[in-house]
Amino acid sequence: MNAAIRGVVRAAIGRGATVVGFQHGYEGIIQNETLMLSSKSVGGIITDGGTILRTARSREFMERQGRERAIQVLRDNGCQGMVVIGGDGSLTGALKLHEEFDYPVMGVPGSIDNDISGTDYSIGFDTAVNAALDAVDRVRDTAYSHERVFVIEVMGRRNGFIALEVALAGGAEAVLIPEVPYSLLEICDQLRESADKGKKSSIIVVAEGAAKAGDIKEFIQKNTGFEARNLVLGHMQRGGSPTAFDRVLALRLGAFAANRLLSGYRGEMTGVDGNKLVSHPLGYVLSTERAIDPEKLLLTEVMAQ
Ligand code: F6P
């Protein structure tokens, strides 16, 4: 998020604009929590996780009256347009301001879940995947030495993008994601077959939207008799210094959003298609489901043999 803020601020200032940040998301706009953002104020933040602007959920903004108040505050501050960095909720709010008040907005996809359409990657995904992968790699040492099955739960809300990536990169024996039905009995059979072939330890990655790691562990232990453990990675996936990939992605998406806004485009979200910068209407982005890559899914199965 910080790298995206830096991208927006420096690109906009480079075009002669003045940039003001609002703290605590839409709630901060309603409460007029402004922060002047100079080129210097965004120096040194690229290495930091989280966001210097903080964030919050706003009940008031969900109501039309709250949004009217937000628009008034934006206008009172002389803001002629706004870049919104965030996931589904933030982008939906941006679309509302665009549709209801014809206010110039540009969205930037920021979510570890990578569930936003219109971009191959959203900011934070790569860092979250690498944080989870580090945990999986560490756990594998115990899994191997103690010959145990480990069930590791990763974030992702209703989607399995983090789980799939972590499973592939971590060499997991199985992955459970909400997008695809799974059979725990089949997984147990697979674990028994592996054990017969001499493979005594396994890692199963489960997306939080698919099941609870604790329940899967219990089932496996009961049905196979193998010693199993579970681990919920939780919010450690959302913090820490961002990866180079995320920093560059955030800078590019942020700067591109600022540039497009200053060039008169509005109601869009920036993204990447391959390595190319793109921008799509927010309406399209929010009404389209991002699908799991079937090739990657198949690969987890082939690799687990
Ligand atoms: O959307 C990002 C995310 O980290 C999800 O993966 C997770 O389900 C959720 O946010 C956690 O939200 P909270 O911090 O409010 O518990």
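Quick notes on this one:
- Once the Cα atoms are used to define both axes, helix 161-170 deviates from the longest principal axis of the chain by about 50 degrees.
- Couplings 3J(HN,Hα) of region 185-194, computed from phi: 5, 5, 5, 5, 4, 4, 5, 5, 4, 4 Hz, in residue order, whole Hz [Karplus 6.51 cos²θ - 1.76 cosθ + 1.60, θ = phi - 60°; x for Gly and Pro].
- Region 39-120: GluC sites (Glu not before Pro) falling in loop per DSSP and having at most 12 other Cβ within 10 Å: E63
- The antiparallel fraction among DSSP beta bridges confined to the chain stands at about 30%.
- FRET efficiency for L277 and D141, using Cβ-Cβ distance with R0 set to 41 Å, rounded to 0.05: 0.50
- Here region 154-184 is scanned for amide nitrogen atoms under 20 Å from the site 7 Å beyond the Cα of E301 along Cα-to-Cβ, giving 160-184.
- For the chain, the mean residue ellipticity at 222 nm estimated from helices alone is -14000 deg cm²/dmol, where every DSSP H run of n ≥ 4 contributes -39500 (n - 2.57) and the total is divided by all residues, rounded to the nearest 500.
- Percentage relative contact order, the chain, counting C-alpha pairs under 8 Å, at least six apart: 25
- Amide hydrogen neighbours beyond the local backbone of L37, cut-off 5 Å, H modeled: V19, V20, G21
- Here the contact order of region 127-239, divided by its residue count and restricted to Cα pairs under 8 Å and six or more residues apart, works out to 40 percent.
- Helix 64-76 and the longest principal axis of the Cα set of the chain meet at an angle near 50°.
- Amide H contacts of T243 (H built 1.01 Å from N, under 5 Å, at least 5 apart or other chain): T127
- Among S145, S58, S201, the largest mean-square fluctuation in a Gaussian network model of the chain, built with springs joining Cα atoms closer than 10 Å, belongs to S145.
- Nearest-20 debye value, region 127-239 charge dipole, Cβ charges on Lys, Arg, Asp, Glu: 200
- Residues whose amide H lies under 5 Å from that of M82, counting only those 5 or more places away or on a different chain, are V105, M106; hydrogens are built 1.01 Å from N in the peptide plane.
- The phi-based Karplus calculation (6.51 cos²θ - 1.76 cosθ + 1.60; θ = phi - 60°) puts the 3J(HN,Hα) values of region 195-201 at 5, 4, 7, x, 8, 9, 10 Hz, whole numbers, x for Gly and Pro.
- Stretching R54 away from F245 to a fully extended chain increases their span by 66.5 nm, per 0.36 nm per residue minus the current alpha-carbon distance.
- Rounded, prolate or oblate (a/c below 1.5 giving rounded, otherwise prolate when a/b exceeds b/c) for region 15-118 by Cα gyration tensor: oblate
- At full extension, S263 and R15 could sit 88.3 nm farther apart than now, given 0.36 nm per residue minus the alpha carbon distance.
- Across K96/K296; K212/K296; K197/K222; K217/K296; K40/K96, pairs whose alpha-carbon gap is larger than 30 Å: K96/K296; K40/K96
- Relative compactness, the chain, computed as alpha-carbon Rg over 2.2 N^0.38 Å: 1.12
Values quoted throughout were computed directly from the atomic coordinates according to the rules given, and no laboratory measurement underlies them. A quick note: this is a predicted structure, and the numbers were derived from the prediction, not measured. Virtual Cβ from ideal backbone geometry, glycine too; neighbours counted across all protein chains shown.
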